[in-house]
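What follows is one structure encoded as structure tokens, with my remarks underneath.
The values are calculated or read from the model by the stated rules, or taken from the named source; none is laboratory data. Every value quoted in this text rests on a predicted model; they were computed, and no experiment measured them. Cβ coordinates were reconstructed from backbone atoms using ideal geometry, including for glycine residues, and neighbour counts include every protein chain displayed. Please note that ligands, DNA and RNA were not included when accessible areas were found on the heavy atoms of the full protein model with its side chains. Shrake-Rupley method; radii C 1.70, N 1.55, O 1.52, S 1.80 Å.
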Amino acid sequence: LPRLVREFVAQNNTTQIKHVIQILSQEFALSQHPHSRKGGLIGLAACSIALGKDSGLYLKELIEPVLTCFNDADSRLRYYACEALYNIVKVARGSVLPHFNVLFDGLSKLAADPDPNVKSGSELLDRLLKDIVTESNQFDLVGFIPLLRERIYSNNQYARQFIISWILVLESVPDINLLDYLPEILDGLFQILGDNSKEIRKMCEVALGEFLKEIKKNPSSVKFAEMANILVIHCQAVDDLIQLTAMCWMREFIQLAGRVMLPYSSGILTAVLPCLSYDDRKKNIKEVANVCNQSLMKLVIPEDDEVDEAKQLMTLPAEPTLEESLSKPEAASSGESLPPRCGRSELDITALNQPLSFLCSSERIQVTLNLDGIVQVLDCHLHDTSIGMMTRIAVLKWLYHLYIKTPRKMFRHTDSLFPILLRTLSDESDEVILKDLEVLAEIASSPAGQTEGHGPSDSSDARPGAVELHVPARAGQLSSSGTKGLECSPSTPTMNSYFYKFMINLLKRFSSERKLLETRGAFIIRQLCLLLNAENIFHSMADILLREEDLKFASTMVHTLNTILLTSSELFQLRNQLKDLKTPESRNLFCCLYRSWCHNPVTTVSLCFLTQNYKHAYDLIQKFGDLEVTVDFLTEVDKLVQLIECPIFTYLRLQLLDVKNNPYLIKALYGLLMLLPQSSAFQLLSHRLQCVPNPELMQTADSTKPSAGFKRATSSTIDYTELLQHFEKVQNKHLEARHQRAGRAEQLDRRVVL
């Protein structure tokens, strides 16, 4: 047969050569008889050897019948087919590349063959084909990629090993740029990374590592955007190796591609945030996820708050001309005139005569921050009670960052975020509460919150007859304005529309969750005093509590606020402001606090002690004889006595030395002493009063010279008579409420007896 073929080649008789190949194929290789098929395969290989360099002209006719035999049920025959194809390829060398896809397809099937001899033969053929591809510069990568993309999803271990080996080979060839087609095969590679075989996982890990090295070397040619969602999916994988590898890729993508990754932020956060709460068993994943999170956060810039406005300013649907673009570089750099759909060719021409910053700014505009998607993801994670503490903290950090960088856009979402942020105050972690308070404080103080149309929409939060936060000029008169509190005391900066809403909802939450008030109330209010203006907070809360219908809660809340006011280091400045009442603002603040403090008689006295209104404190104590003295009442008097012995009231104790100018202070203290039973607090206060020098000077009836305390009171323009009347009015309401509660309890007891 070889001699016959050589003669035909010498005669250039292609017709006879094709005839011989056809006979070998149809009558032998494709015969129904197995021995005939073996003979046909041997004949085709011999024919190829005889053709030599000319075999390339007949490769299709030679290869097709051999490949058909790859599917034969007889393993021996599959081995003969493998051997025949090896000889055909060895002779043809580079001429087989146009037929590479069919060869690769056949080989991928033999790689998973159950017969070891067939598999061994296919490996020899595979190595030969790899050598040919490596040597050649005519490999058709574009035509091969669809087949590779299809075969890469095979679940067979040997087929996967075969695929990975080919990817490693193609990756090592300098003339073949497989990186351009990485988006086509990246998903399949990550799936192979989860194979049960350690060897295959290692091979796949090496392949992915090589790709990542290449990406770092040539980031400008990488299609980051096309692979972003693939990484997002595998960053959520159950397999630790897949998740860690995908997360490492994501870290590099964010750092290399920068703002190109912003449109995929919501997906990235969905994958990254849960990883931040991993324990030490997944420490590596947690650390990489944290870097991803921090890097992504840095990509959000203030310019992202202006993109929508830039679109709104564009009234013409047509693209701007080159002259218009050149004439307004400043506007373009701020993201206000160049449309996101600006053509690339136009940008290139413009860049020739414009600074580099103009080009960068224009490109930046094309990257849009999907804020709606990000907020939806963050909101979803806050609602999920099963997520870990570190994830919740990261979510709140994101919200705070977005309110700082893109306040105008974020305030569109505030109404939907507000309820969950308030609920988060009940979290078990102090760190979570601190971050939550930072977000709420930013919402309450940001100037963007005052923008028209972004104000609070929940009208149910506004109580009937809500007043402005500032106290009116006339101290004895309540403000009757119906506006929701948009202003504060004249001495403090103005808060935005959400501040008053925040205060109302915070008090509502304390009212509905008394445990929260008991365990975290003081902590929350103290932190808010650091984050916001303390005077604003006390002013607004006092104003809201003045209209509180639940009198028992109002009394409890006033007691809590009073304790914070008297004992917290965060309120040192506010205490000093109230101590002397030298300014109209401080006197207005005192009047505002006093009216709400009247819900609790003892706290009202302590407020008078703090502000050095000793005569009024004495007048109040005189009224205590008309009140219902309960155990709780006496307990609060006991606590007040303890407070008087604290450093906060050092100035008060020193004023006891000046009996002549502070007679009402001594009378007020003796009044408290008379209220107390024979207890330890009684002994404490009694011993203190025994230290007062010259007690006979306490008499003031014959005094001709007015005391300093009287001078200060009369010059302060505070109507104490009206304040005392207000105190009596509030206490009467409390008395009626107690009688009603007692009546209901008595009726309930009667029903139980019946």
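The lone criterion from (1) touching a Ser or Thr at 6+ places or on another chain (Cβ under 7 Å); (2) open to solvent by less than 30 Å² (accessible area, probe 1.4 Å) left unmet by GLY94 is number (2). For beta carbons closer than 6 Å, sequence separation of 6+ or different chains, a first residue in the stretch 638-653 that is without any contact (Cβ under 8 Å) to a residue 40 or more places away in the chain and a second that is surrounded by 18 or more Cβ atoms within 10 Å (Cβ to Cβ) and in a helix (DSSP H, G or I), the qualifying pairs are LEU640/VAL602; LEU640/SER606. Looking only at residues of the stretch 149-175 that are touching a residue at least 40 places away in the same chain (Cβ under 8 Å) and within 20 Å of VAL222 (Cβ to Cβ), we find that the one that is surrounded by the most Cβ atoms within 10 Å (Cβ to Cβ) is ILE167. Considering only residues that are among the hydroxyl-bearing types (Ser, Thr, Tyr) and buried (at least 17 other Cβ atoms within 10 Å of the Cβ), look in the stretch 390-447 and name the one that is nearest to CYS529 (Cα to Cα). So, considering only residues that are among the hydroxyl-bearing types (Ser, Thr, Tyr) and buried (at least 17 other Cβ atoms within 10 Å of the Cβ), the one nearest to CYS529 (Cα to Cα) is SER445.
For the structure I just gave you, tell me whether ALA542 is closer than 27 Å to GLN731 by Cβ, among the aliphatic types (A, V, I, L, M) and out of contact with any strand residue (DSSP E or B) (no Cβ under 9 Å at 6 or more places or on another chain). Yes; evaluated as a whole, the condition is true for this residue.
Please go through the stretch 507-522 and give me each residue that is in contact with a helix residue (DSSP H, G or I) (Cβ under 7 Å, 6 or more places away or on another chain), part of a helix (DSSP H, G or I) and not basic (Lys, Arg), ordered by number. Within the stretch 507-522, LEU507, PHE510, SER511, LEU516, LEU517, GLY521, ALA522 meet the criteria. When the stretch 195-233 is filtered for residues that are outside any helix (DSSP H, G or I) and open to solvent by 30 Å² or more (accessible area, probe 1.4 Å), the ones remaining, listed by number, are ASN196, ASN218, LYS223. Is it fair to say LEU654 is more than 17 Å from GLN731 (Cα to Cα) and among the hydrophobic types (A, V, I, L, M, F, W, C)? In short, yes.
Number of residues in the stretch 623-667 that are among the small types (Gly, Ala, Ser) and buried (at least 18 other Cβ atoms within 10 Å of the Cβ): the value is 0.
Of note, ILE63 satisfies the criterion of being touching a residue at least 12 places away in the same chain (Cβ under 8 Å) and open to solvent by less than 10 Å² (accessible area, probe 1.4 Å).
Only one of the numbered conditions (1) in contact (Cβ under 8 Å) with a residue 12 or more places away in the chain; (2) open to solvent by 50 Å² or more (accessible area, probe 1.4 Å) is violated by THR15, and that is (1). Only one entry of SER479, SER489, SER459, SER445 meets the criterion of being at pLDDT 50 or above and small (Gly, Ala, Ser), and that entry is SER445.
Of all residues in the stretch 100-119, one or more are out of contact with any Pro (no Cβ under 6 Å at 6 or more places or on another chain), open to solvent by less than 10 Å² (accessible area, probe 1.4 Å) and farther than 23 Å from PHE144 by Cα. Here ILE285 does not fit the description of being farther than 24 Å from LEU382 by Cα and buried (at least 19 other Cβ atoms within 10 Å of the Cβ).
Only one of the listed residues (GLN236, GLN243) is in contact with a helix residue (DSSP H, G or I) (Cβ under 9 Å, 6 or more places away or on another chain), at pLDDT 95 or above and not in a helix (DSSP H, G or I). That residue is GLN236.
Is there a residue being under 23 Å from LEU396 (Cβ atoms) and out of contact with any strand residue (DSSP E or B) (no Cβ under 7 Å at 6 or more places or on another chain) anywhere in the stretch 238-246? Within the stretch 238-246, not a single residue is under 23 Å from LEU396 (Cβ atoms) and out of contact with any strand residue (DSSP E or B) (no Cβ under 7 Å at 6 or more places or on another chain).
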